[in-house]
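The values are calculated or read from the model by the stated rules, or taken from the named source; none is laboratory data. What you see is a predicted model, and the numbers here were worked out from it, not measured in a lab. Here Cβ is always computed from backbone atoms with ideal geometry, including for glycine, and neighbour counts include all displayed protein chains. When the accessible area is computed, the model is the full protein with side chains, heavy atoms only, and any ligands, DNA or RNA have been set aside. Shrake-Rupley method; radii C 1.70, N 1.55, O 1.52, S 1.80 Å.
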Amino acid sequence: MSDSDTTGTTANADPRGSSAPAAVLAPLDDRLADLVALYKDLHRHPELGFQETRTAAEAARRLTASGYDVTTGIAETGVVGVLRNGPGPVVLLRADMDALPVTENSGLDYASTVPGRMHACGHDVHVTCLLGAADLLAAGRDHWSGTLIALFQPAEEVGSGARAMLDAGLYRDGLVPTPDVVLAQHVVPLGAGLIAYCPGPCMAAADSLEITFHGTGGHGSRPETTTDPILMAASFVQRVQSVVAREVAPKDQAVVTVGSFHAGDSANVIPDRAVVRLSVRTFDETVRTAVLAAIDRIARAEAAASGADRAPDTELLDSFPVTVNDATTLREVNEQFTELFGAQRLFAYEQATGSEDAGLLATAAGAPLYYWWLGGWDPEEFRTALAAGRLAQDIPSNHSPHFVPVVQPTLGMGVEALTAAALSRLGVGGRGDRVTGAVMRRA
């Protein structure tokens, strides 16, 4: 990337310019101070998955004030606002609300006030940007037609929030109309002012497993009277690394990470079980199936090799699907982004082995998805680290206790991006045409 790619600046003094949906975005500057205050308030009060009561209440209050039909308490804390504005497409904009069990170490005056809780993944940015976009689109409804859904989802971090909202009847019971397209964004440690995208599969499927190995406990001085589950599980941990190295083709991608190992409480006691937790990341369903089968095979084989009387138990803790961007939607929204921000702010990026559940909202509706990444780090710090080849060392990643996006231009650009993306898919007047270009001509 060039310097202009990383600074978050454009050649145009006014990034909205004549080619952007000027009439809808015009009030944004006057509303930024309120959005900044909202963001800082959300950051000070993080809430874990399915506990986002305070955040959900504020989202519902603001949506109601903007004229949306609001439903709360979906899957405990989920909130949706629906704005019906004549004939045309149904567009769903999604933001996740939950924080992480992380202790913040940012030193900011608006740092988390909740011990052991932090918005370390930027979901407070997502909520703020969607509320800003929803307000602008409601105020500018004379310039588009169709139906807009603003969805605030709980529990993305544990991979169950989107599924829980669907199971609660989101589409089945008509809580919202079935969308024609689902749009979402995620703030990441790229320079603020940048938008990154990945065609096709952009984020990995993720499966978290807990495997319990059963042995026969006993005194540490007499191991011959036991079947040691620690040795069994340790052998599994080492052997399971061969799955990616020897069973996944080089052209495919997979990650197998053991993140937790618990067994015993005393130095001189061999326990009767050992529990291993691991994460699996894949981009292809065939590869996913093969990797999970190999993990199960190795776990059973190690138990048998140790003479265990009982096969290990495997529990699926959570599961995220592959996030797949629709090619047509990506292209058409990116055309709007290019008009709005300039080509130098938009760039293709590689697949991410992180995971998301926003795709479930699209799949359940049979609708296309576009999910992009919003830069949120200080542009100068990002550019310096990039030039030095020290991005991994100097720029904190999502889930770090130091990950706090810069307020601006992150929030403003996030609001603009969601607004422009929605307008690129909504209709104009009663004709049902997509709004790309038409709003600007009318404005």
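In percent, how large is the relative contact order of the chain, given Cα pairs closer than 8 Å and 6 or more residues apart? Mind showing how you got there, number by number?
Details: 1028 pairs, mean separation 116.7, N = 443.
Here the relative contact order equals 26 percent.
So how far apart, in nm, are the two label points at A65 and T314 if each is 7 Å from Cα heading toward Cβ?
Result for the modelled spin labels: 5.1 nm.
Roughly speaking, to the nearest percent, how much of the chain's 1.4 Å accessible area is carbon and sulfur? All intermediate terms of the calculation are to be shown ahead of the outcome.
Working: 8910 of 17930 Å².
About 50 percent, which is the carbon plus sulfur part of the accessible surface.
Using Cα pairs under 8 angstrom and six or more residues apart, how large is the relative contact order of the stretch 233-298, in percent?
36 percent
From the convex hull of the Cα coordinates of the stretch 261-400, what is the mean projected area in square nanometres? The partial results should precede the final answer.
On the way: hull surface 55.7 nm².
If I average the Cα hull's projected area over directions, I get 13.9 nm².
Counting only DSSP beta bridges with both residues in the stretch 79-216, tell me the antiparallel percent, nearest 5.
Details: 8 of 19 bridges.
Here the share of antiparallel DSSP bridges comes out near 40 percent.
Could you give the size of the charge dipole of the chain about its Cα centre, using +1 on the Cβ of each K and R and -1 on the Cβ of each D and E, expressed in debye and rounded to the nearest 20? Don't jump to the answer; show the numbers that get you there.
Working: 33 positive and 53 negative charges, 136 e Å.
Dipole about the Cα centre, nearest 20: 660 debye.
Counting heavy atoms of the protein chains only and a 1.4 Å probe, report the per residue accessible area for the chain as a whole number of Å².
Numbers: 17930 Å² over 443 residues.
It amounts to 40 Å² per residue over the chain.
In cubic angstrom, how much convex hull volume per residue do the alpha carbon atoms of the stretch 104-163 span?
Values: hull volume 6.6 nm³, N = 60.
Convex hull volume per residue, Cα atoms: 110 Å³.
Pick from L93, L108, L346 the residue whose mean-square fluctuation is largest in a GNM of the chain, springs joining Cα atoms under 10 Å.
L108
Could you tell me which Cys residues in the chain have no other cysteine's Cβ under 4.7 Å from their own Cβ, answering none if every one has a partner?
C121, C129
In a shell of Cβ-Cβ distance under 14 Å around E315, excluding E315 itself, what net charge do Lys and Arg (+1) and Asp and Glu (-1) give? All intermediate terms of the calculation are to be shown ahead of the outcome.
Working: positive: R273, R277; negative: D207, E210, D296, D313, D318.
Surrounding charge for E315 is -3.
Cα-Cα pairs above 22 Å in the stretch 229-304: how many percent?
Above the 22 Å cut-off, the stretch 229-304 has 28 percent of its Cα pairs.
Working out 0.36 nm times the residue gap between A249 and L391, then minus their Cα-Cα distance, what length gain in nm do you get to one decimal? Don't skip to the answer; put the middle values down first.
Working: separation 142, 0.36 × 142 = 51.12 nm, distance 2.88 nm.
Here the answer is 48.2 nm.
Which longest uninterrupted range of the chain lacks any trypsin sites (Lys or Arg not before Pro) assigned by DSSP to a loop state (not H, G, I, E or B) and surrounded by at most 16 other Cβ atoms within 10 Å?
Values: sites that count: R172, K251, R310, R390, R431.
The longest uninterrupted stretch comes out as 1-171.
Can you compute the radius of gyration and Dmax for the stretch 164-267, using only the Cα atoms, both in Å?
Cα radius of gyration and Dmax of the stretch 164-267 are 22.9, 66 Å respectively.
Working out 0.36 nm times the residue gap between A23 and D296, then minus their Cα-Cα distance, what length gain in nm do you get to one decimal? Spell out each step's value before the answer.
Details: separation 273, 0.36 × 273 = 98.28 nm, distance 5.71 nm.
In short, 92.6 nm is gained.
Among A133, A204, A392, which one moves the most in a GNM of the chain with springs linking Cα atoms closer than 10 Å?
A392
Suppose a student asked you for the relative contact order of the stretch 157-260, using Cα pairs under 8 Å spaced at least 6 residues apart; what percent would you report? Don't skip to the answer; put the middle values down first.
On the way: 30 pairs, mean separation 11.5, N = 104.
The value is 11 percent.
Would you mind pulling out the separation of the Cα centroids of the stretch 215-274 and the stretch 135-195, in Å?
Result: 42 Å between the Cα centres.
Measuring from label point to label point, each 7 Å out along Cα→Cβ, what is the F347 to R31 span in nm?
Distance between label points: 3.1 nm.
Taking the inverse of the average 1/r across all pairs of different Cα atoms in the chain, what Kirkwood radius in Å do you get? Walk me through the numbers on the way to the answer.
Values: mean 1/r = 0.0429 Å⁻¹.
Final number for the Kirkwood radius of the chain is 23.3 Å.
Roughly how compact is the stretch 66-153, stated as its Cα Rg over 2.2 N^0.38 Å to two decimals? Working shown, then result.
Details: Rg = 15.8 Å, N = 88, 2.2 N^0.38 = 12.1 Å.
Scaled against compact globular proteins, the figure is 1.31.
Debye calculation, C-alpha points only, no solvent: report log10 I(q)/I(0) for the stretch 52-108 at q = 0.18 Å⁻¹, in the same order as the q values.
Listed by q, the Debye log ratios stand at -0.72.
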